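Worksheet: one structure, shown below.
The values are calculated or read from the model by the stated rules, or taken from the named source; none is laboratory data. All figures in this text were calculated on a predicted structure; none of them were measured in a lab. Using ideal geometry, Cβ is built from the backbone for each residue, glycine included, and neighbour counts are taken over all protein chains shown. Remember, those area values only see protein heavy atoms, side chains included, never the ligands or the DNA or RNA. Shrake-Rupley method; radii C 1.70, N 1.55, O 1.52, S 1.80 Å.
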Amino acid sequence: MKRYHVTTFGCQMNEHDSERMKGMLEGLGYAEAPEQRDADLILFNTCSIRESADSRFLAHLGSAKKVKSQRPDVVIGVGGCWAQSLKEEVFARFPFVDVAFGPGQIHRLAEFLSSDSLTAQGYFEFEGFAGHLPMKRSREHQAWLQISVGCNCNCSYCIVPSTRGREASRAFEELVAEAGRLAAAGVREVTLLGQNVNAYGRDLRPRSSSFAELLHALDAVDGLERIRYTSPHPKDMREDVIRAHAELPSVCEHIHLPLQSGSSAILKAMRRTYDRSRYLDRVALIREHVPDCALTTDIIVGFPGETEADFAQTLEVCEEVGYDGAFTFVFSPRRGTAAAELTEGLVPHEVKVERMQRLVEVVQRRAHERAQRFVGRTLEVLVEGPSRTDPTRLRGRSRHGKAVNFAGLAEPGELVMVDIRAATSQTLSGEESLVARAVGG
Ligand code: SAH
Ligand code: SF4
Ligand code: F3S
């Protein structure tokens, strides 16, 4: 039996695409190899969001090349955003790669592998969803549900529109049916995926739908206890979506709302299409309808033209909002993007590093403060397995998206109530409650 090995880089969308690749390969009779060196087919699902993502992948590709020099019949395949952004150039630069394909061409992998001659081939046209492909889920009780692909935004720093193409939504009924199948198979939590999830449905014909309508339909699916989604765009964060968090029992009290910068001037240069005050209005609306909602964000430091005053405004927004967590990135110029062409106001490396340190200090301090609101409360936790640091304890996640380590006897996939005793910026800890019972648990 032939064996495959997949290494995944990048976002949740890629993790999900990899599950589809694995499902498809197993359908072709391949089995998963624990290590790259044992595999007949070495696959990479790549990311190009920042330069660091590229370099991490290239190091891995180097080790695959070594495997192939010892066993020339090994097939090397490269899928995902890096492949899409280079297209045919992949083969010129890395002649040992046998097949390269973009995120919209995952299904072509099967065609390639079942063809008679495995000569170098590239597949880069956008052809649609991996949605109908079989999938090998990495977690039994949690699943991704890809609701749309692509991005119609034009953020000046971002490579994604060129790697994932135009926005396209999957059919409403198809998604509800898939959610039903997942729930019937024991999935309790789904995370809806899209580059811009809350733009969902506008392109659907003959009748468009909205993201809020989708949340309502999925909430009605029996057995599905939790719904999450990532990432929404602040410009499309409408009141009907925010209300869904308050009204629908399965929609979790957590919103990831990427800020990118707290300065309106920088937001404009980033082409984010909202300014600081519109962003803060969204936050206020969320807090009005869902006071306990956890808010997380993405922030870029050192965008070209970012002055000390601009950066100070990012710190201010972080102080004011008090995020429960944030992903912070140093600006990285990406091939083909408008921001990579900017030559004025470039922020020196030391300044970026220093700003990043100050930002992380504020984010962590505020997240730590915010997390204290959970101490003394009893929270519903979806059990994932043993704690990574102490195998005698369990690990799971609260509805707010917080990691919880706790003492208890529950099994993975159970929803249990946990008395929270302590909180850091990243994790909560506690004990399984002896009195409270989870609704679905
Ligand atoms: N579609 C999502 C996520 C895009 S990528 C969204 O719009 O929210 C995830 C994050 O990577 C972005 O939110 C941004 O903060 C960061 N990012 C994207 N391009 C970047 C670049 N060129 N340099 C640094 N960070 C970047
Ligand atoms: Fe990139 Fe902007 Fe689209 Fe997000 S919304 S994927 S940051 S272009
Ligand atoms: Fe990376 Fe593509 Fe996701 S560039 S972050 S894998 S959409």
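Checking the stated criteria, P258 turns out to be within 16 Å of ligand 3 (Cβ to nearest atom) and in contact with a Ser or Thr (Cβ under 6 Å, 6 or more places away or on another chain). In the stretch 314-369, the qualifying residues are those that are among the small types (G, A, S) and closer than 22 Å to R276 by Cβ, and the one that is nearest to ligand 1 (Cβ to nearest atom) is A339.
Against the test of being open to solvent by 20 Å² or more (accessible area, probe 1.4 Å) and within 16 Å of ligand 1 (Cβ to nearest atom), the options R272, R278, R243 yield a single qualifying residue, R278. Listed by first and then second residue, the pairs with beta-carbon distance under 8 Å, at least 6 apart or on different chains, first residue in the stretch 138-159 and more than 30 Å from R226 (Cα to Cα), second β-branched (V, I, T) and at pLDDT 95 or above, are S156/T337; Y157/I300; Y157/T337; C158/I49; C158/T337; I159/I49; I159/T337. Taking S69, is it open to solvent by 30 Å² or more (accessible area, probe 1.4 Å) and within 16 Å of ligand 3 (Cβ to nearest atom)? Criteria not met by S69. Quick one: would you say T337 is of a type outside the set (A, V, I, L, M), within 16 Å of ligand 3 (Cβ to nearest atom), touching a Leu at 6+ places or on another chain (Cβ under 7 Å) and under 20 Å from L259 (Cα atoms)? No, not satisfied. Within the stretch 303-319, does at least one residue satisfy the condition of being in contact with a strand residue (DSSP E or B) (Cβ under 6 Å, 6 or more places away or on another chain), away from ligand 3 (no atom under 16 Å from the Cβ) and open to solvent by less than 10 Å² (accessible area, probe 1.4 Å)? The answer is no, given that none of the residues of the stretch 303-319 is in contact with a strand residue (DSSP E or B) (Cβ under 6 Å, 6 or more places away or on another chain), away from ligand 3 (no atom under 16 Å from the Cβ) and open to solvent by less than 10 Å² (accessible area, probe 1.4 Å).
Within the stretch 88-112, residues that are of a type in the set (K, R) reach partners that are buried (at least 23 other Cβ atoms within 10 Å of the Cβ) with beta carbons closer than 6 Å, at six or more positions or on different chains, in the pairs R108/F101. In the set (1) open to solvent by less than 70 Å² (accessible area, probe 1.4 Å); (2) more than 25 Å from the chain's Cα centre (by Cα); (3) not basic (K, R), the condition left unmet by L415 is number (2). Of the residues that make up the stretch 42-52, is at least one away from ligand 3 (no atom under 16 Å from the Cβ) and either within 25 Å of R228 (Cβ to Cβ) or not assigned by TED's automatic domain parsing to the domain that holds C155 (or both)? The answer is yes, given that some residue of the stretch 42-52 is away from ligand 3 (no atom under 16 Å from the Cβ) and either within 25 Å of R228 (Cβ to Cβ) or not assigned by TED's automatic domain parsing to the domain that holds C155 (or both).
In summary, G401 fulfils each of the numbered conditions (1) touching a residue at least 60 places away in the same chain (Cβ under 8 Å); (2) at negative phi; (3) part of a loop (DSSP other than H, G, I, E, B) with the single exception of condition (2). Within the stretch 388-439, restricting attention to residues that are at pLDDT 95 or above and among the basic types (K, R), the residue that is nearest to R228 (Cα to Cα) is R399. When restricted to residues that are of a type in the set (S, T, N, Q), open to solvent by less than 50 Å² (accessible area, probe 1.4 Å) and away from ligand 1 (no atom under 16 Å from the Cβ), the stretch 116-156 contains 1.
When the stretch 157-190 is filtered for residues that are open to solvent by less than 20 Å² (accessible area, probe 1.4 Å) and not aliphatic (A, V, I, L, M), the ones remaining, listed by number, are T163, R164, G165, S169, R170, E178, E189.
The lone criterion from (1) in contact with a His (Cβ under 8 Å, 6 or more places away or on another chain); (2) crowded, with 21+ Cβ neighbours inside 10 Å left unmet by R226 is number (1).
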